[in-house]
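Okay, so here's the structure we're looking at.
Each reported figure results from applying straightforward, stated rules to the coordinates on display, with no laboratory input. Bear in mind the structure is a predicted one, so any value in this text is a computation, not a measurement. For neighbour counting, all protein chains shown are included, and Cβ atoms are generated from backbone atoms with ideal geometry for every residue, glycine included.
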Ligand code: GLN
């Protein structure tokens, strides 16, 4: 195929899939194009592992399938390149979860989400940087270096899926997987001006996702458009009863089907707690303008209240560390991962292994988690947090009596400068205030680009839906993207 492939990186997943299907471009040349870009822009720090051999073999297989035509049911993503957050384990690439504990680790199997995307024909470009065990809001907790925001390389791309967001924004991949425990898909998507969705808890299997906080962790796609997210999410979801007991017994859905429903009469709930003092005026202005646009599209804005929004921070930062302290006990130097070189006895081996393998933030959370679960404190902290978690979920159900979707900012500010909050864990935690309530309730949420704030940094708007309303959220986002072009603007130099 001899034609101009120089702008392949500007195509969406949907456009690429069509071009591949129509054989206007081959999977191999597409993969080569993106691999070359990843190399050119390696200084962003987005990729942690690349294996050209593996990628090109997958691409050649995709080309063979494309050449053979439609002998099988057509794979929706045949030949489309994609990269995975390094929290998903993969057989063919190193899987580190951003931790020294797993330096060089090779998994004997693929995560279910990875396998499901492969079933639809995606070609894996590699693994993407993230905060260690997905704990963080700036990607500064990765053991393997910083990730730069392509809009301003002195700023954070957000976290924990910072590598995913930066890679998509810089067009090093048309799409990526992410995971969201307390905002890690939505916040980096917002900071990097891309689109991302965290589905309802249990929609996508957690099998093969290195566990952080099991009652919150969810996988989801990050791409430039809601349409692309719909395509990818359709491939990622579905029950996995044998391997993830919390996966929902809800059949996979084709989320692209309902993308063109008009928004006439749509009731958008505006939680007053999301628009209070802590919200930066530049973010507020962009979100307000987007809400105006929605009114033009026929939606009605309805004031609502999520009265326990502030409590979501202490509640989350008790429950997530509690679960993390339990989940991370598996990294003991015995079964897999790092083991200290020299030790006196078994206990000493555990201690040294864990002292060497974990970074500061992870250790902090293990300590907090062990503390809130310990005898005498369990009732005062953990149990109390669980009760408030339920009340937060109930508040959303009250709100959904008045509205169809909820809208607000994703984060109180645009992306901050790298290093600005790295010595201040609390400042990072506070910045999660708008994403945590939906996570604690297990609701689907997404981030869509709605403009620019201070220093021309992207602003994302959050849309939260009721349980299993991903199709509605994606439609609401898609209609906005058809009327605006924020999602098509790109950072200079990429
Ligand atoms: N910033 C939050 C945390 O540090 C959320 C991370 C996530 O969603 N994985 O826990």
If I model a spin label at residue 295 and residue 391 as a point 7 Å from the Cα along the Cα→Cβ vector, what separation in nanometres do I get? 3.4
Using Cβ contacts closer than 10 Å as the measure, can you line up 368, 448 from fewest to most? 368, 448
Kindly put 6, 205 in sequence by how many other C-beta atoms sit within 10 Å of each C-beta, fewest to most. 6, 205
Which FRET efficiency value, to the nearest 0.05, do you get for residue 398 and residue 426 by plugging their Cβ-Cβ distance into 1/(1 + (r/R0)^6) with R0 = 35 Å? 0.70
So for segment 195-346, averaging the separation of alpha carbon pairs under 8 Å that are six or more residues apart and normalising by length, what relative contact order in percent results? 22
What is the Å³ per residue value for the convex hull set by the Cα atoms of segment 117-252? 96
Based on alpha-carbon centroids, what's the gap between segment 193-211 and segment 397-473 in Å, whole number please? 15
Just for the Cα atoms in the chain, what are the lengths along the principal axes, largest first, rounded to whole Å? 68, 58, 45
Under the helix-only model (-39500 (n - 2.57) for each DSSP H run of 4 or more, divided by the residues of the chain), the mean residue ellipticity at 222 nm, to 500 deg cm²/dmol, is -11000 deg cm²/dmol
Over segment 311-408, relative contact order from alpha-carbon pairs under 8 Å, at least 6 apart, %: 38
Rounded, prolate or oblate (a/c below 1.5 giving rounded, otherwise prolate when a/b exceeds b/c) for segment 212-258 by Cα gyration tensor: oblate
Out of all DSSP beta bridges in the chain, what portion is antiparallel? Express it as a percent rounded to 5. 70
Quick note, segment 394-490: a/c under 1.5 would make it rounded; otherwise a/b > b/c is prolate and the rest oblate (a ≥ b ≥ c, C-alpha gyration tensor); here it is oblate
Contact order normalised by length for segment 1-160, with contacts defined as Cα pairs under 8 Å and 6 or more residues apart; what percent is it? 23
Given 5 Å bins starting at zero, what is the percent of C-alpha pairs of segment 16-131 in each, up to the one with the largest pair distance? 2, 13, 22, 22, 19, 13, 6, 3, 1
Take the alpha-carbon centre of segment 72-93, take the same for segment 318-377, and report the distance between them in whole Å. 32
Output the peptides 219-231, 469-481 sorted from most to least packed, where packing is the average of other Cβ atoms within 10 Å over each peptide's residues. 219-231, 469-481
At a 10 Å Cβ-Cβ cut-off, how would you order 293, 261, 140, fewest neighbours first? 261, 293, 140
Using a Förster distance of 56 Å, the FRET efficiency for residue 360-residue 258 (Cβ separation, nearest 0.05): 0.80
Ranked from highest to lowest mean number of other Cβ atoms within 10 Å per residue, what is the order of the peptides 403-409, 295-301? 403-409, 295-301
